[in-house]
Ligand SMILES: [Fe+2]
Ligand SMILES: [Fe+2]
């Protein structure tokens, strides 16, 4: 655990980095489950590379936290919890892909927002830059896969729309909650 002699404002970045780390670990677990359901060679290939990326990202945040003198702590995942509660338990490959797609989009948005903050330690900036490149690819290949599947089965478009609505509701709830407690907006991972 983080010790009490660190000033309160310095605890904040560690909390956020632990959120990032938890989101990447969670992402690796989801991609592992997805890869067992993959129904084409292309998707199996893409998910293998994706799984590698998420595991590397989890390690990069672990390393950044260590380099900055922080500790690895268990944190809640408020966005994932809300996303799941609005969408329901994903039961098919299409549903899992759609949920991963919206979740990856939010992840990129949050990382890019963080990179826009001018004064961040170079280790965080470097880590963000490296990860964002991978995350952009995650969003684009999953979107292309879903669009391909939607051409063959019109139900896939409905699933994508449902995932977008669940994502929107999850983020609105988080923002309302953060506004109520006066925290910074945009923490969705
Ligand atoms: Fe990632
Ligand atoms: Fe990702």
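No lab work stands behind these numbers, since they all come straight from the coordinates. Nothing here was measured: the structure is a model prediction, and the numbers come from that model. With ideal geometry, Cβ positions are generated from the backbone for all residues, glycine too; neighbour counts draw on all protein chains shown.
Give me the angle, in degrees from 0 to 90, between the Cα long axis of helix 8-37 and the longest principal axis of the Cα atoms of the chain, rounded to the nearest 10.
Once rounded, the angle reads 20 degrees.
Quote the Stokes-Einstein diffusion coefficient, in whole µm² s⁻¹, for region 92-140, based on the Kirkwood radius over alpha carbon pairs, a temperature of 25 °C and a viscosity of 0.890 mPa s.
So the translational diffusion coefficient is about 211 µm²/s.
First measure r as the distance between the Cβ atoms of residue 42 and residue 181, then evaluate 1/(1 + (r/R0)^6) with R0 = 41 Å and state the FRET efficiency to the nearest 0.05.
Values: r = 45 Å, r/R0 = 1.09.
About 0.40, to the nearest 0.05.
How big is region 9-181 by the Kirkwood estimate over distinct Cα pairs, in Å?
Working: mean 1/r = 0.0592 Å⁻¹.
So the Kirkwood estimate lands at 16.9 Å.
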